[in-house]
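Chemist: Structure in structure tokens, see below.
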Amino acid sequence: MARSSYGRDEFEGFRIFILVGSIVAAAFFTFMHTVNRVFFIEKKNLTGNSKLLSNAIVGANWTFVFTSLPHFIAHTIISPDNSPTICRNMHLWALFAYMVANFSFYRVLLYKSQVYDAMREYKKTYFYVFWAVHIMCPSLTLVAETIYALGKYKILTENISGGSRLCILYGYHYLEFLGEGPIPPFLAAFSDLAISLGCLLLLVLPLTKPGFTPVANSGVVRNVVYSSIAIFSTFTILLAMATMELKENWIAGYVMEIGALDLMLNVVCINLCWPLRFYARIARRIYLSVMGLKDESVSTSAKRKNTNSSGIKCKDVHLHPRISTRDSGDKSGPMKPIENVSIQDSKIIGIKSFNISANKDICTPKSGCMSQHEARIFISRTSTRSPRAFDSVSKK
């Protein structure tokens, strides 16, 4: 047999890098999305697709934590090259974790695509891709687990580069024809690519809408970029596995490690479909909650909403009555504007404050003319709402 290209000892640093990177990424993203889902999102805002998307990303991160991370840790501590039994069990565990994690990532991409298709313009496409993901992924997982459970594993002790022992898969019980070529890995690679491209298509379609601009739709571009990295990295790694089997037998340890690398890239890319400011905002709210401080941005927006909750309505603020004077005996003729008008607090009653002159009527287009006495009554009643409103009024 030709000298192998893989040895466990030679890839020790690579394995540690994957383990540390996966733990950091999983801890950060899982914590952020879980805290946001449980504590910060109001239930009234979780309706329809937004609820499905929020649950999907939290579920995907926890799936990665409970299936893939334990395997990474076990693979770092225990060598699959110790015995064929250990090799078989760890390989089947890795395969299950890989397929289930990718299935959960596909579901996130499905619901993410609907954020930018509120009008359901691509309803049929979404229907086909949705059921392809939910039927083909579980089916592929079951078929792959069955095939590799029938695999023939053995330990090599000669012609190994970077180690003294090596576990390989060299055939299948009852399925001898599969051992003649890399049929399972090529089948898995292209089946996964077909499902992935369906999800990517849903994310790309909004780019084709008339009038689309990347600046105004940065979320769409971000989704396409990071999902493309996740999708094509998976296809490249699966294709590399299939190509490797053409040259040598299926090397279990090497397959597990590059599969772990792919999952680490996938979990990072899927979570980066949310902008960095999303995570910064959650971190800020966590910090304020821990310190017992109030989120000023929330209180400020609340104040802004209630600015016009009482008194004259917002629409009246922009009405600028024409204040004019005329003699009480003059019943005709155009209105003459008052000369000494000062602007102080017009937002409260919707008119400019003014000085009342004797024997002068005050006229507005909305309410007509009022006498000096009526004007004083109007001012006294309105000023009780806000004493600051008519500081400039001088009564004569």
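All of the numbers you see were taken from the coordinates with simple rules; none came from a lab. Keep in mind that what you see is a predicted model, and the values were worked out from it rather than measured. Positions of Cβ are backbone-derived with ideal geometry, glycine not excepted, and every protein chain shown enters the neighbour counts.
Chemist: With label points built 7 Å along Cα→Cβ from the Cα atoms of residue 66 and residue 152, find their separation and express it in nm.
Modeler: 3.8 nm
Chemist: For a Förster distance of 51 Å, can you work out the FRET efficiency between the beta-carbons of residue 215 and residue 85, rounded to the nearest 0.05?
Modeler: After rounding, the FRET efficiency stands at 0.35.
Chemist: Can you compute the FRET efficiency between residue 145 and residue 240 using 1/(1 + (r/R0)^6), with r the Cβ-Cβ distance and R0 = 25 Å? Round to the nearest 0.05.
Modeler: The pair residue 145/residue 240 has a calculated efficiency of 0.70.
Chemist: On to the next question. How much length is gained on full extension from residue 174 to residue 76, taking 0.36 nm per residue of separation minus their Cα-Cα distance?
Modeler: So the extension gain works out to 32.1 nm.
Chemist: Can you give the extra length, in nm with one decimal, that the chain gains between residue 120 and residue 47 once fully stretched, where that is 0.36 nm per residue apart less the Cα-Cα distance?
Modeler: 24.7 nm
Chemist: Please compute the modelled spin-label separation between residue 164 and residue 281, points set 7 Å along Cα→Cβ, answer in nm with one decimal.
Modeler: 5.7 nm
Chemist: Same structure, new question: Work out how much length residue 135 to residue 197 would gain on full extension: take 0.36 nm times their residue separation and subtract the Cα-Cα distance, in nm to one decimal.
Modeler: Contour length minus Cα-Cα distance gives 20.8 nm.
Chemist: Expressed as a whole number of Å, what is the distance separating the alpha-carbon centroids of the range 51-97 and the range 246-289?
Modeler: Cα centroid of the range 246-289 versus Cα centroid of the range 51-97: 13 Å apart.
Chemist: Which entries in 51/123; 43/209; 44/294 show an alpha-carbon gap greater than 29 Å?
Modeler: Too far apart for the 29 Å limit: 43/209.
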